[in-house]
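Undergrad: This structure is in structure tokens; I'll ask about it shortly.
What follows draws every value from the coordinates through simple rules; no lab data is involved. Keep in mind the model is a prediction, meaning the values are calculated, not measured. Every residue, glycine as well, gets a Cβ built from its backbone with ideal geometry; the counts of neighbours run over all protein chains shown.
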Amino acid sequence: MLAWIAVAVAAGARPRCLNAADGTICVADGNERVALRVPLKDPLWPLVPAVLAHLQVELKEVGVCLSGDGDSNRRLVVMRSLDLLAADVEIVVADGTGIPRTRMLELRAVPVHARPLTLGIATMELLGAVATKPRARVPVPLVAAPAPATPEATARLHVALGFAAQSFMGGRGHAHAGPDVEVALGVTERSSINLHAAYLMAPDVHTSYGAGSVRAFVAGIGGTRVLTSSARSWGAAVLAETHMLRLAAVGHSVDVDASGRAGSAIAWVVDAGPRAWISLHPRLRMEMTLTAGIVLRSVALTDGEQVVAQASAFAGTGTLRLAAAF
């Protein structure tokens, strides 16, 4: 669904009259029209008010009004982001009489505060013939128009593959590492639900009964809250999660002690921490997560009287993943 954004250029910098029927802004008769259209829920929306403010000033100087009415005597500017961070933007200008003019902008190297100006300048350059000599304006009573609403969040899917390392600091302690996968489903613009799984391995251990290795199967669920603007090429977030950890010894005849519950080797961990990422491509980013947590249910693997592996007290986890957006 697409939304019309419209502001009329009058003697001042304020909008003209509000058309309540379709929520757009109309302008005085006799002026050439320029309409700006941005898809709803587009990452560009946070920048739209500043872009409109710049276009108001520029179009005022050339006597052209910016509107969103249905008049055919107008130029149409369609602006949309090609990625989730609004780092790559496409601008299309069409007037219905010829081939639309298109420009692709890469804004990764442009500071966030300067991006509206960059978009406004590029739009004015594309308009070209629209920037004609000043024309007379017909006075119209000024009516305050509502600011463009922030778009409702849309669900986004991220699938991340990478490497995880985890260490426990209670008792004998234990550390392991291995491949990791996470699926994140966005429920709002800044929040998501995460599901992750990992297969972690530790170096071989040697006891009086022989040698073997310890493997861990991890499955968990959590939530993430983004702290930075989607217009940036990097980001930061905080997350909290809980996961179950099943320790298994290979090559040992071991006893299991899980907080006094014989026959079980499953630990339960709750942790939280920061996440940071950098965009490598419109739909690809590298992200790193560090969490610290508490082991709510401990487990220890023993071979005779010797502890082979123990997950207890506190846990620290680090992950490095390559995430793709869908």
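Undergrad: With just the Cα atoms defining each centre, how far is region 269-322 from region 190-248? Give it in Å.
TA: Result: 5 Å between the Cα centres.
Undergrad: What spacing in nm lies between the two simple spin-label points modelled at Leu161 and Met104, each 7 Å away from Cα in the Cβ direction?
TA: With each label point 7 Å from Cα toward Cβ, the separation is 2.6 nm.
Undergrad: A further question follows. Could you line up Thr102, Thr302, Thr289 from fewest to most neighbouring Cβ atoms inside 10 Å?
TA: With the fewest neighbours first, Thr102, Thr302, Thr289 line up as Thr102, Thr302, Thr289.
Undergrad: Continuing with the same structure: Residues with amide H under 5 Å of Arg283's amide H, sequence separation 5 or more or different chain, H placed in the peptide plane at 1.01 Å from N; which?
TA: The answer is none.
Undergrad: As a footprinting exposure proxy, order Thr242, Thr118 by other Cβ within 10 Å, with the fewest listed first.
TA: Fewest-to-most Cβ neighbours within 10 Å comes out as Thr242, Thr118.
Undergrad: Hey, another quick one. In nm, what is the difference between 0.36 nm times the number of residues separating Ile266 and Ala236 and their Cα-Cα distance?
TA: 7.6 nm
Undergrad: To continue, here is another question. Taking other Cβ within 10 Å of each residue's Cβ, how do Met124, Met288, Met104 sort, fewest first?
TA: Starting with the residue having the fewest Cβ neighbours, the order is Met104, Met288, Met124.
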